[in-house]
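The values are calculated or read from the model by the stated rules, or taken from the named source; none is laboratory data. All values derive from a computational prediction rather than experimental measurement. Here the Cβ positions follow ideal geometry from the backbone for every residue, glycine too, while neighbour counts run over all protein chains shown. Calculation scope for accessible area: heavy atoms of the full protein, side chains included, ligands and nucleic acids excluded. Shrake-Rupley method; radii C 1.70, N 1.55, O 1.52, S 1.80 Å.
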Number of protein chains: 2
Amino acid sequence: MLNLRPVFLVTGALVAALGVTMLLPMLTDLLSQDAVHRADWSSFAIGATAAIFMGGGAAAASWGRIDSIGIREGFLLTGASWTALVVFAAIPLALGGLDIGYVDAFFEAMSGLTTTGSTIVTNLDDAPPGALLWRSMLQWFGGVGIIIMAFAVLPILKVGGMQIFKSEAWDTSEKFMANATNYSIALSLIYLFFTALCFVMLWGFGMPAWHALNHAMTTVATGGFSTRDASLGAFLTVGRAPLDLVVTVFMIIGSLPFGIFLVAILRGAWKRLFTDSQIRFFITIVTVLTVLMMFRVLNIFDDIDPFTAFRLAIFNVVSIMTGTGYATTDYNAWGPFAVGFFFCIMFIGGCAGSTSCGMKVFRFQVALAALVVYAKRLAHPNGVFVARYNQRPLTDDVFVSVLSFFFVYFATFASLAVVLAGLGLDTLTAISSAGTAIANVGPGLGPIVGPSGNFASLPDAAKLAMSAGMLLGRLEFFTILVILSPAFWRG
Amino acid sequence: MLNLRPVFLVTGALVAALGVTMLLPMLTDLLSQDAVHRADWSSFAIGATAAIFMGGGAAAASWGRIDSIGIREGFLLTGASWTALVVFAAIPLALGGLDIGYVDAFFEAMSGLTTTGSTIVTNLDDAPPGALLWRSMLQWFGGVGIIIMAFAVLPILKVGGMQIFKSEAWDTSEKFMANATNYSIALSLIYLFFTALCFVMLWGFGMPAWHALNHAMTTVATGGFSTRDASLGAFLTVGRAPLDLVVTVFMIIGSLPFGIFLVAILRGAWKRLFTDSQIRFFITIVTVLTVLMMFRVLNIFDDIDPFTAFRLAIFNVVSIMTGTGYATTDYNAWGPFAVGFFFCIMFIGGCAGSTSCGMKVFRFQVALAALVVYAKRLAHPNGVFVARYNQRPLTDDVFVSVLSFFFVYFATFASLAVVLAGLGLDTLTAISSAGTAIANVGPGLGPIVGPSGNFASLPDAAKLAMSAGMLLGRLEFFTILVILSPAFWRG
Ligand SMILES: [K+]
Ligand SMILES: [K+]
């Protein structure tokens, strides 16, 4: 029998907590100089009231001690809490001065909490500050939420090969419950530290404090929401400090496994930062792709110096590959190779245990290891071959998990693209919107949804389909798909 | 130690046999009414001489009894023989009246033998008959070649999950050698029978005998080369018999597992045609997709009757899904949904053991079974779940094979698309050319390489990259990739 009480309790508590955080954008609106923006405070007041009362009510009604949570309850809790948070986070956006309906607000909230960064707001430059702050906060919450989940929840649920990150220390359910809370707090503090550092550096390098605060939150979350229509490009004027390089550094930090930071701090094992297989592979990919794109940029623009080419290359490679999705320039002008290149690398993602999205580099490592073992077995059917990852042997069980993940990834991508095309989007918009949603990147390709466009003009059904794609991508597909399988509800 | 003697012997013998068959198009040219076309006979005479002498020489130099062939020799033989056949098949095309260079001829020969059907010939209507016949013959040879390989070679090599089709009867190497020859002859006779039947029906329904012969060969081979620039559409005039429905039936027959036909005839087990899991799944997919596209066509064209909509839908669904690639109409005009739909279904393919291409439906069945078992294991970590295919249990070994296949498929597709974009092709042309090459379909999308275009204008490097993609796709990737892995050459 499924025990739904802990699911309601935790989901309700999280929704109520979200309601409390709505007081911050409410205050921001109240402090605004602009009378129209000031009036926007009420939307957050209403949203906060709804979230606190309904979330708190659900939690209170199911109050009690939680001794342990079963596997199936874990899946349900994950799916229910993310969905409920989006439903309530959308309320103040729908009521407020952005002048959008609930479907648009739902899309924006989903894009925020999943750290996707696709936006339907057409005029960010004149948007009320409360709404802008709320969008940044949602991405920031989403970032820390996924870090905690990747560390404490997904390895237990064995989703998509994440079991290889399961710590041996957590062999009992009780130990896990006790450690999970402490570790979650520690991870959140590390995350807060990097956000603060990013803010200080952006501010120090000349970005106005308000914009630095918002961009710090969405950078470390590899989210990509901006406070300006021109995205980060609005702050890159000639003679300014290279803010894009600061952002690049923190996008990379946001894409590293936060669990390794924790181990480094707790046990002084700083060497792990340089020996961890996943980090090395990630940095290698970034380096190779940056060099490749740098040559391309030098090739396309005759009058560019190597350093500018390097800045353009590394910023865009890191922004797209980690799934942040900031734009400093419209790379559609870099020719078809660049467009195809960026389309492909957006699926790569960062490290597992980071805020970044996409398939995650460890899955490519495991898949490559599976292929090498498979090729060896084909050539030498009687040999015995074992692949290893971070010194541990990889079993067929892990191979099936990871390879299934790839299969589901592409199947979902293709299905979503066909659905979007069926809803009337042109081919390029449909394919790139599907990809950007499930990879949680943000911008698509082409004139409508490309780096200089937005998603406002899409039909409502397309926005909801993309929202479903974002949630599936963020929760690594199986967390949601398992709940939808009949076997889940049996026994 | 690798024993290369059998590899040279069989490859040489196959090349020499190919040379003998070049006498047929040579005769066709000699019998032509047109003096210019008649002069083309010499290109086939030269090609035949080269193939017979060089192939025969290699075979004679390595002559001797072959007792058994090892696994690695099997891989080498497969890769070497397909490549050598393409190299020699291209010679008469390069020398002849098509007025193309060797790279174009190589592309065309590769497209023929792999039953892809992409063409660089810009004026089929005025091409010499020998060259047209040779193109059709290459696809016909490629079709029977892949049927024999899928029955006798790939299950032994365990490529991409094909081991589930391994017959238990062949448990010793000697038995296998004896049976393989008889079964290969039987399969070829079945193939010949269907080709003859297709020819008779096309001819009987009013297609001129010459065109009926060529189209019969390329239909049963699910190849898609035509004798006319307008492809099959050139023969579909108002008041004519529905030739497209005849072709549809034989494209479906070409996509069914020929091993099942053999079992049906040898053991009288005709019921297997209706109970085989793969056939049922294939027919179900065709039915569902046809109904879906029929509604779409009815929706787009207001003045169309349901029967015409059905004809348009089933012909195009079967043509693209089985990877035949004939065109009767340019479906680019059917809107973005249809374009995205056809792009996706071209990867599906037909049944393993048929002439058709793509991923093959059994792999989707195995992948779905793997996902269901995986979802059950996620929800109930302590349960024991086993998937079955045609009553036999599927092991993790098969899951890894099949899922690896999908992974390599998409990785090759994405890499080829990026390479083609890097060679200057626009995004849509690059992506669709990459897909059509590795899925061995034929036409791409868009104005350049779409159903009404051809591949002549692509740069040479793009033609060679696509040729490599066709070979990889036709030989199920691993047959080639294994040879390229260092482990293959060790031990
Ligand atoms: K993002
Ligand atoms: K074809």
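General remarks:
- Residue match in the range A:449-459 (condition: modelled with pLDDT under 90 and within 13 Å of another protein chain (Cβ to nearest Cβ)): yes
- Meets criteria (aliphatic (A, V, I, L, M) and away from chain B (no Cβ under 14 Å)) for A:Ala333: no
- Extreme residue, farthest from A:Ser255 (Cα to Cα), among residues of the range A:91-112 that are of a type in the set (A, V, I, L, M) and open to solvent by 10 Å² or more (accessible area, probe 1.4 Å): A:Leu95
- Of all the listed residues (A:Leu403, A:Leu416, A:Leu445, A:Leu428), the sole one being aliphatic (A, V, I, L, M), within 13 Å of chain B (Cβ to nearest Cβ) and touching a residue at least 60 places away in the same chain (Cβ under 8 Å) is A:Leu445.
- Of note, B:Ser485 does not satisfy the criterion of being more than 9 Å from chain A (Cβ to nearest Cβ) and either surrounded by 21 or more Cβ atoms within 10 Å (Cβ to Cβ) or farther than 22 Å from A:Asn299 by Cβ (or both).
- Scanning the range A:253-285 for residues that are out of contact with any Ser or Thr (no Cβ under 6 Å at 6 or more places or on another chain) and farther than 26 Å from A:Arg388 by Cβ yields A:Ile253, A:Ile265.
- Taking the listed residues B:Cys351, B:Cys344, the one that is surrounded by fewer than 21 Cβ atoms within 10 Å (Cβ to Cβ) and either within 16 Å of ligand 1 (Cβ to nearest atom) or within 18 Å of the chain's Cα centre (by Cα) (or both) is B:Cys344, with no other qualifying.
One line per residue, one yes/no per condition, for (1) in a helix (DSSP H, G or I); (2) within 16 Å of ligand 2 (Cβ to nearest atom); (3) surrounded by fewer than 24 Cβ atoms within 10 Å (Cβ to Cβ):
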residue: B:Leu403; (1), (2), (3): yes, no, no
residue: B:Leu420; (1), (2), (3): yes, no, no
residue: B:Ser457; (1), (2), (3): no, no, yes
residue: B:Ala461; (1), (2), (3): yes, no, yes
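- Selected residue (criterion: nearest to B:Ala437 (Cα to Cα)) from residues of the range B:357-382 that are within 9 Å of another protein chain (Cβ to nearest Cβ) and open to solvent by less than 30 Å² (accessible area, probe 1.4 Å): B:Ala367
- Residue count for the range B:121-145 satisfying the condition of being out of contact with any Gly (no Cβ under 9 Å at 6 or more places or on another chain) and at pLDDT 90 or above: 5.
- For the range A:282-291, the set of residues classified as more than 20 Å from the chain's Cα centre (by Cα) and closer than 19 Å to A:Leu368 by Cβ consists of A:Thr284, A:Thr287, A:Val288, A:Leu289, listed by residue number.
- Whichever residue in the range B:383-400 is facing another protein chain (nearest Cβ under 10 Å) and not in a helix (DSSP H, G or I) and, among such residues, is nearest to B:Gly161 (Cα to Cα): B:Thr395
- Within the range B:344-353, tally of residues that are more than 15 Å from ligand 2 (Cβ to nearest atom) and within 12 Å of B:Pro443 (Cβ to Cβ): 0
- Sole exception among (1) aliphatic (A, V, I, L, M); (2) open to solvent by 10 Å² or more (accessible area, probe 1.4 Å); (3) away from ligand 1 (no atom under 16 Å from the Cβ); (4) within 26 Å of A:Thr324 (Cβ to Cβ) for A:Ala430, by number: (2)
- Filtered residues of the range A:220-278 (kept if free of Cβ contacts under 8 Å to residues at least 12 places away in the same chain and either touching a Phe, Trp or Tyr at 6+ places or on another chain (Cβ under 8 Å) or on the phi > 0 side of the Ramachandran plot (or both)): A:Gly239, A:Ala264, A:Gly268
- Long-range neighbours under 8 Å by Cβ, at least six apart or interchain, first residue on the phi > 0 side of the Ramachandran plot within the range B:357-378, second within 16 Å of ligand 2 (Cβ to nearest atom) and among the hydroxyl-bearing types (Ser, Thr, Tyr): B:Gly358/B:Thr322
- Candidates A:Gly424, A:Gly435, A:Gly444, filtered to the one that is part of a helix (DSSP H, G or I) and either among the small types (Gly, Ala, Ser) or within 16 Å of ligand 1 (Cβ to nearest atom) (or both): A:Gly435
- Condition met for A:Ala61 (surrounded by fewer than 23 Cβ atoms within 10 Å (Cβ to Cβ) and either among the hydroxyl-bearing types (Ser, Thr, Tyr) or in contact (Cβ under 8 Å) with a residue 12 or more places away in the chain (or both)): yes
- Lone qualifier among A:Ala178, A:Ala169, A:Ala150 - being modelled with pLDDT under 90 and closer than 23 Å to A:Phe478 by Cβ: A:Ala150
- Helices (runs of 4 or more DSSP H) within the range B:234-323 that include 2 or more residues buried (at least 17 other Cβ atoms within 10 Å of the Cβ): B:243-254, B:258-267, B:277-300, B:306-321
- Among residues of the range B:21-47, those that are of a type outside the set (A, V, I, L, M, F, W, C) and open to solvent by less than 40 Å² (accessible area, probe 1.4 Å), counted: 9
- Among the criteria (1) away from chain B (no Cβ under 11 Å); (2) surrounded by fewer than 24 Cβ atoms within 10 Å (Cβ to Cβ), the one A:Thr436 does not fulfil is (2).
- Counted residues, the range A:196-223 - those being open to solvent by less than 10 Å² (accessible area, probe 1.4 Å) and within 16 Å of ligand 1 (Cβ to nearest atom): 10
- Test set (1) on the phi > 0 side of the Ramachandran plot; (2) open to solvent by 10 Å² or more (accessible area, probe 1.4 Å); (3) within 16 Å of ligand 1 (Cβ to nearest atom) - A:Gly335 fails condition number: (3)
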